[in-house]
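The values are calculated or read from the model by the stated rules, or taken from the named source; none is laboratory data. Given the structure is predicted, the values throughout are model-derived calculations rather than measurements. Here the Cβ positions follow ideal geometry from the backbone for every residue, glycine too, while neighbour counts run over all protein chains shown.
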Amino acid sequence: MEESKKQSLFVAQLKDTIEEKKKRIGRPVRYHITTMGCQMNARDSEKLSGILAEIGCEEIPTEDADILLFNTCTVRENANEKLYGHLGIVKHFKKLNPDMLIGICGCMMQEKDEVLRIQKKYRFVDLVFGTHNIWKFPELLYAVEAENQRVIDTAEERNGFRDHMPARRKIWFKSGVNIMYGCNNFCTYCIVPYVRGREQSRAAEDIVREVKALVEDGVKEVMLLGQNVNSYGKGLSNGETFASLLERVCAVEGLERVRFMTPHPKDLSDELIQVIKRNPKICRHIHLPLQSGSSKILQRMNRRYTKESYLSLVDKIHRELPEVGLTTDIIVGFPGETEEDFQDTLEVVSRAGYQAAFTFIYSKRSGTPAAEFEDQVPEDVVADRMQRLIALVQQFASKAADRDEGKVEPVLVEEVNPQRAGYVTGRLSNNLMVHFPGDESLIGQMVLVLLKESKGFYYMGERRD
């Protein structure tokens, strides 16, 4: 709490600083945040935006802002290069506006080599901080804005939880809620444990308190976020599990929907399946990353499950939760993958009944064990496998979507349809999209919709309430 008060003092001082800057430049101080990466990064950006709005800045949709922040991802090396491409462009903006503040944060700034590169080669960058000390943003911003310092401040480890930052949500009726940080899984292809740190779970009381505050602010759907939500509670002393946390969140009055991202197949418990089964607020969508259908490749990936145990889990989910829509992640061309291994992946896709799959070509990630594996798969072989995988995924995904045609289901309306005049777009509990006649007044509302026609990956519908 003392740290929260300290940062609040910097917020108060920043308000004065920004007000003075407004008078000097004769217009509002404008900001923009470019977010790269996962839902956790998106949630962090909402917190940064909340601070900037509170101190009197005005958000704009382009990067030629007075305060420009890049919230970075580092899962793949091309994500790093994407940042440097942006920096090459905005360097020109800074020449036109010398008062412009450019800051970089997020996972990439937990890599020492990248921070050093920014420090030496991109001297026009004013502020660098990482995922572990985002809570210090008001203090760091004040040092740059009011004291004209160049600030490089990254922390090796997350020291407890300081989730006192206000958030400015992009969507008023939905919000992410961080329930834990870090990852202990150390998949051989993944950099996340090295930049996000070890798993730490937030206290359930703090999570429920945040959810209640969001509901009071109009939120109808929350997504509980963690690198592996199934691991929630392992570091706590009170026996709390992810399943018990879900029940506590579902008990919040006024909350209509609960989602979560991302579970790990090795930790998805029978208890969790039963909690989902008896709580209609929990959305009927489970994203269950496969990565590979080959037990041999899964072992090389350090995923700690087999093809057989994964399929057994899928069968259990379909048996206990027949209405659930399953989605997954699949990596093609992991080092050592043979045609036989790839056929195992195709078999799992054929049996699992996914309604969608996010497919990725394996790419080396420096700093991970897999980057040192010598038996890389030729690019032409990987490209051929990817085409075959996508074709099979589309074939079975269309069948999975067709099953609800003709039903009347609740839909949370998210936006006016940008392609079809007079229509709105919403999302089913199983995460599929529905387009149906309506107007802007329906946004954020839960309405009953007849799913008239399946289009394979979405529905055309008609309102029924």
task = From Asn41, Asn80, Asn71, grab the single residue that is over 23 Å from Val177 (Cα atoms) and either of a type in the set (Asp, Glu) or surrounded by 15 or more Cβ atoms within 10 Å (Cβ to Cβ) (or both).
result = Asn80
query = Condition test on Lys15, is it out of contact with any Lys or Arg (no Cβ under 6 Å at 6 or more places or on another chain), over 18 Å from Met165 (Cα atoms) and modelled with pLDDT of 95 or more?
reply = no
request  = Just need a number here: residues in region 298-317 that are in contact with a strand residue (DSSP E or B) (Cβ under 8 Å, 6 or more places away or on another chain) and either assigned to a helix (DSSP H, G or I) or of a type in the set (S, T, N, Q) (or both).
outcome  = 4
note = Among Thr62, Thr74, the single one that is part of a loop (DSSP other than H, G, I, E, B) and within 18 Å of the chain's Cα centre (by Cα) is Thr74
message = When you scan region 300-318, do you find a residue that is of a type in the set (Asp, Glu), surrounded by fewer than 21 Cβ atoms within 10 Å (Cβ to Cβ), in contact with a Lys or Arg (Cβ under 6 Å, 6 or more places away or on another chain) and at negative phi, even just one?
response = no
remark   = Across region 83-117, the tally of residues that are surrounded by 13 or more Cβ atoms within 10 Å (Cβ to Cβ) and touching a helix residue (DSSP H, G or I) at 6+ places or on another chain (Cβ under 8 Å) stands at 15
ask   = If you check Glu409, Glu372, which single one turns out to be in contact (Cβ under 8 Å) with a residue 40 or more places away in the chain and of a type in the set (D, E, K, R)?
value = Glu409
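Check Glu20, Glu59 and return the single one that is surrounded by fewer than 19 Cβ atoms within 10 Å (Cβ to Cβ) and in contact with a helix residue (DSSP H, G or I) (Cβ under 7 Å, 6 or more places away or on another chain).
Numbers: Glu20 fails: in contact with a helix residue (DSSP H, G or I) (Cβ under 7 Å, 6 or more places away or on another chain).
Checking each option against the conditions leaves just Glu59.
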task = Hand me the list of strands (runs of 3 or more DSSP E) wholly inside region 155-272 holding 1 or more residues that are of a type in the set (Phe, Trp, Tyr).
result = 257-261
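Do you know which residues across region 350-407 are assigned to a loop (DSSP other than H, G, I, E, B), out of contact with any strand residue (DSSP E or B) (no Cβ under 6 Å at 6 or more places or on another chain) and either of a type in the set (Gly, Ala, Ser) or buried (at least 17 other Cβ atoms within 10 Å of the Cβ) (or both)?
The answer is Gly353, Ser363, Arg365, Ser366, Gly367, Thr368, Val377, Gly406.
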